[in-house]
Structure formats: C-alpha cells, structure tokens
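See below for the structure under consideration.
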Amino acid sequence: GRMIGERNLYQYARAFGFGSRTGIQLPGEATGLLRNPLYWSKLSLAMISFGQEVAVTSLQLISAYAAVANGGLLMKPLIIKRIISPQGETIEEFKPKVIRRVISPDTAKRVTQFLYKVVKEGTGIKAQIKGINIAGKTGTAQKSIPGRGYIPGCYISSFVGFLPIEFPQLVCLVMIDEPKGA
C-alpha cells in the first residue's frame, strides 16, 4: 500500500469497479463500500491493501477478475445474450461492451501468472482440474456490522478464478457464508 499510495490505490480500486454499480440490467444493485481517501484513517491504507475497510459485491469481484482475464479490459456485465421469438428469430441481441482499460495487457499477464501459482501450488490448489490451467485466489472476509466493526469468528470464505488462462472462457466465484471447520 505504501509503495503505490492512497490516491493510486483508490483510483485503481475505482477503475476495477469497486465502490460503484456495474450497471447490470437488474434492479437493486448495491455499490459496495470504498470510501474516498479524504475519509481514511492513518490505518486505512494498510487495511484496504489487504481487503479490510472495503465491501464488494459478488458481481464487482467477478467483473474485476474478468478484467484481468480480458487482458486488462473491464467489461459491462450482461445477463441476457439474446432474446429469441417463439419462431426462433432473434428479436434483440446484446453485445459485449468495454467500459475501460484498467491495467495494461502485460500487467494482466503478470497478475494471471501470480493467480496461476495460487492454484498450482498455493492456497487454491483444490481448484485444480487436470489438463486445464486455472488462475484464481482464495479469500477470507470478516463479516461486519456497519458502523460497529467486525463480528468475532464470523467469516465468508471464497475462491474466485478464471479458466483456461490461455483463452479465458469462464470466471467463477464460490462463496461459503460462515464455514465450519477447515
């Protein structure tokens, strides 16, 4: 966090879509939580660097990983690919739309290699599928009560990743709310 600083950390997080709605075609989407650095404490930079003081939606997290998989391009999420009439004719088709470039293709490749190592030899080893190269990351988020802090012993465990790394076709997020045991 100290190496990139408050402003850059905030700008990159915002560029990846954290703290704002994705614009998906469903009502009630939440923004998550990413406070402006003007309101950060002296500990915020360190805390945000490893994921505390931030709340993201599942869709924001998937979109961020998809941006890495897409070579650094953040895409607008789509729920519907095509509307087809009862006669089989296409009424309307929805095409992928780039929102913005968040990182360079080279940076996306480097991040992909880090995420590949997490699955190949790190905490995501159980996500391996023989013959398919997968990039991903495990996560443990403390549950909180807004304005009151974190709930002792209450977590959400997750794994998010994409595959195959050579030509990504699928981004997947698995979350377990308050897991019991290992």
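So here's what we get for this one:
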| quantity | calculated |
| --- | --- |
| Residues of type aspartates and glutamates that LYS76 reaches as a straight line, Cα spacing below 19 Å, ignoring anything fewer than 8 places off in the same chain | GLU29, GLU92, GLU93 |
| Sites matching chymotrypsin sites (Phe, Trp or Tyr not before Pro) across the range 3-105 that sit in DSSP coil, with at most 12 neighbouring C-beta atoms within 10 Å | PHE50 |
| From phi via Karplus (6.51, -1.76, 1.60), per-residue ³J(HN,Hα) for the range 47-56 in Hz, x at Gly/Pro | 5, 5, 4, 10, x, 8, 6, 9, 10, 10 |
| Pairwise FRET efficiency - LYS42 versus THR90, Cβ, R0 = 41 Å, nearest 0.05 | 0.15 |
| Accessible surface of the chain, 1.4 Å probe, proportion on carbon and sulfur as whole % | 59 percent |
| Computed [θ] at 222 nm, deg cm²/dmol, the chain (DSSP H ≥ 4; -39,500 (n - 2.57); rounded to nearest 500) | -8000 deg cm²/dmol |
| Phi-based couplings in Hz for the range 149-155 (Karplus 6.51, -1.76, 1.60; Gly and Pro marked x) | x, 8, 8, x, x, 10, 9 |
| ³J(HN,Hα), Karplus 6.51/-1.76/1.60, whole Hz, each residue of the range 95-106, x for Gly, Pro | 9, x, 9, 6, 8, 5, 8, 9, 9, 6, x, 5 |
| Violating pairs (Cα-Cα greater than 18 angstrom) within the set LYS130/LYS180; LYS143/LYS180; LYS109/LYS137 | LYS130/LYS180 |
| Within-14-Å neighbourhood charge of ASN36 [Cβ basis; K, R +1; D, E -1] | +1 |
| Debye, to nearest 20: dipole size of the chain, +1 on Lys, Arg Cβ, -1 on Asp, Glu Cβ | 420 debye |
| Accessible area (Å², per residue) of the chain, counting only protein heavy atoms and a probe of 1.4 Å | 67 Å² |
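The values are calculated or read from the model by the stated rules, or taken from the named source; none is laboratory data. Just so it is clear, the model here is predicted, and its values are computed rather than measured. Cβ sites come from the backbone with ideal geometry, for glycine too, and all protein chains shown count toward neighbours. Surface areas here come from the heavy atoms of the whole protein model, side chains and all, with no ligands, DNA or RNA. Shrake-Rupley method; radii C 1.70, N 1.55, O 1.52, S 1.80 Å.
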